[in-house]
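The values are calculated or read from the model by the stated rules, or taken from the named source; none is laboratory data. Remember, predicted model here, so these are calculated numbers, not experimental data. Cβ placement follows ideal geometry from the backbone for every residue including glycine, while neighbour counts extend to all protein chains displayed. Surface areas here come from the heavy atoms of the whole protein model, side chains and all, with no ligands, DNA or RNA. Shrake-Rupley method; radii C 1.70, N 1.55, O 1.52, S 1.80 Å.
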Amino acid sequence: MIRFGPAGIPLSCKGRTLKDGIEDVHNMSLTAMEIQLVRVNTFRDYPDEDFIGKTIREIDDLMVLEVIRDDELISDPDEPIDEDDELICLNTGIVRSFGELTDLGKIAKRLDVGVSLHTPNYIDLGSNNDLTEACMNNLRYAGKIVNELQGDVVVTSLGLYDGKMDEEEVDMNIVENLDCLLGWWQENNLSPKIGIEITGQQAVFGNLDQVLDICDEFRGAVIPVLDFPHYHSRGCGCLVEPADYVNVLEQVFPYCDGKFYSRFAGVEHDGEGNELRLTPIKKGDLVFEKLADALADMHPNGTIISSSPLLEHDAMYMRIIYERMVNKRIAKAIRANKKKEAMAADD
């Protein structure tokens, strides 16, 4: 089974909460939604009297992510809050509280909508500066949110080459910081995988080989995220025929634990390995029908997220095209079987 869905709350959704988005995705006969954590605006607060003795999950009207107690960071959502604690809160309009995520996860499961999350695009684990520390926190917050939603994947890039540091040093910092992050991930029993995204710029860490090397380094804890427009751009328009898609899919499948995760949109690129902008699927030189043709023969399980500016419209378009390709093959197989049966009867 392949799940299709938008990168964010559908544009046509009348409400803008996460609950509205999940329900709208289901009503459109889509089965996936990638939450966009575009900006992480956190602030610190002190607990009201009503919060004392409650856990993060039990607070109804404030999105508390973590607690600072005696200079120690507490991430356990079941730890009761003390009056002298300092709360780390997320300013977001998509949910009211951390506890609401649990209920939303149950709704998504009931409606058969697979939930994932994309971190901000400016993630940088290579520079080892103040931004890197903030990015590590953003990834931790993303992991807690997706885990509470019972989601599968936190999608992220890892860093960039800004010319201030040797590329090998950047790569080493990325590996060390990711190792530290995964240690925290394990200590807090988070189940989602970290999805390392193939990126669309030469100056950004994340070509296919680099992503697969990271997956080898942290086997089982991270998976590759095959962003087709990014890969196509880095390869100067390399995805042309179904065989091109088969080639890259076969490279990532061994790391995907039976379910691949990908993103698709139209794209414009400069022909020198750099993405310029994402476009609706019917524009640009990246043709979804070629991917659908390849997938209809391969029969994999996975998710394809529409990162197109048209979001849910193009997600539904992809689902229809893919189902049409599959149905053609089924009809062809049925005709072939009938022909065999008729020939056998004549004999």
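Is it the case that segment 46-53 has a residue that's open to solvent by 20 Å² or more (accessible area, probe 1.4 Å), at pLDDT 90 or above and closer than 23 Å to GLY143 by Cβ?
No, every residue in segment 46-53 fails to be open to solvent by 20 Å² or more (accessible area, probe 1.4 Å), at pLDDT 90 or above and closer than 23 Å to GLY143 by Cβ.
Yes or no: ARG234 among the charged types (D, E, K, R) and either under 22 Å from LYS283 (Cβ atoms) or in contact with a Lys or Arg (Cβ under 7 Å, 6 or more places away or on another chain) (or both)?
On the way: among the charged types (D, E, K, R): yes; either under 22 Å from LYS283 (Cβ atoms) or in contact with a Lys or Arg (Cβ under 7 Å, 6 or more places away or on another chain) (or both): yes.
Yes, satisfied.
Out of PHE218, PHE253, PHE228, PHE260, report the one residue that is out of contact with any Leu (no Cβ under 8 Å at 6 or more places or on another chain), under 26 Å from GLY114 (Cβ atoms) and aromatic (Phe, Trp, Tyr).
PHE253
Taking the stated definitions as given, is GLY200 in contact with an Asp or Glu (Cβ under 6 Å, 6 or more places away or on another chain), of a type in the set (Gly, Ala, Ser) and either assigned to a loop (DSSP other than H, G, I, E, B) or at pLDDT 95 or above (or both)?
In short, yes.
Of a type outside the set (A, V, I, L, M, F, W, C), farther than 19 Å from PRO120 by Cα, at pLDDT 95 or above and assigned to a loop (DSSP other than H, G, I, E, B): does that describe SER191? Before the answer, list the steps.
Numbers: of a type outside the set (A, V, I, L, M, F, W, C): yes; farther than 19 Å from PRO120 by Cα: yes; at pLDDT 95 or above: yes; assigned to a loop (DSSP other than H, G, I, E, B): yes.
Yes, satisfied.
For the list (1) in contact (Cβ under 8 Å) with a residue 40 or more places away in the chain; (2) assigned to a loop (DSSP other than H, G, I, E, B), I need the number of the one condition that CYS236 fails.
Failed condition: (1).
Quick one: LYS106 ticks every box in (1) in contact with a strand residue (DSSP E or B) (Cβ under 6 Å, 6 or more places away or on another chain); (2) of a type in the set (D, E, K, R); (3) surrounded by fewer than 20 Cβ atoms within 10 Å (Cβ to Cβ) bar one, so which box is it?
(1)
Output the residues belonging to segment 237-264 that are within 13 Å of ILE198 (Cα to Cα) and of a type in the set (Val, Ile, Thr).
Result: VAL248, VAL252.
Anything in segment 301-323 that is within 22 Å of PHE253 (Cβ to Cβ), aliphatic (A, V, I, L, M) and in contact with a strand residue (DSSP E or B) (Cβ under 7 Å, 6 or more places away or on another chain)? List them, or say none.
Selection gives ILE304, ILE305, MET318.
Given the conditions (1) touching a helix residue (DSSP H, G or I) at 6+ places or on another chain (Cβ under 8 Å); (2) closer than 15 Å to CYS89 by Cβ; (3) open to solvent by 80 Å² or more (accessible area, probe 1.4 Å), and given that ARG39 satisfies all but one, which numbered condition is not satisfied?
So the condition that ARG39 fails would be (1).
For ARG140, which of the numbered conditions (1) open to solvent by 10 Å² or more (accessible area, probe 1.4 Å); (2) modelled with pLDDT under 95 fails to hold?
For ARG140, the exception is condition (2).
Looking at segment 194-236 only, could you name the residues that are surrounded by fewer than 24 Cβ atoms within 10 Å (Cβ to Cβ), touching a Phe, Trp or Tyr at 6+ places or on another chain (Cβ under 9 Å) and among the charged types (D, E, K, R)?
ASP216, ARG219
Output yes when any residue across segment 177-187 is open to solvent by less than 50 Å² (accessible area, probe 1.4 Å) and closer than 12 Å to SER127 by Cα, and no when none is.
Yes - at least one qualifying residue is present in segment 177-187.
Evaluate segment 296-307: report whether one residue or more is open to solvent by 70 Å² or more (accessible area, probe 1.4 Å) and over 23 Å from the mean Cα position of the chain (by Cα).
For segment 296-307, residues open to solvent by 70 Å² or more (accessible area, probe 1.4 Å) and over 23 Å from the mean Cα position of the chain (by Cα): present.
Within segment 18-36, track down each residue that is among the polar types (S, T, N, Q) and open to solvent by 50 Å² or more (accessible area, probe 1.4 Å).
Matches in segment 18-36: ASN27, SER29, GLN36.
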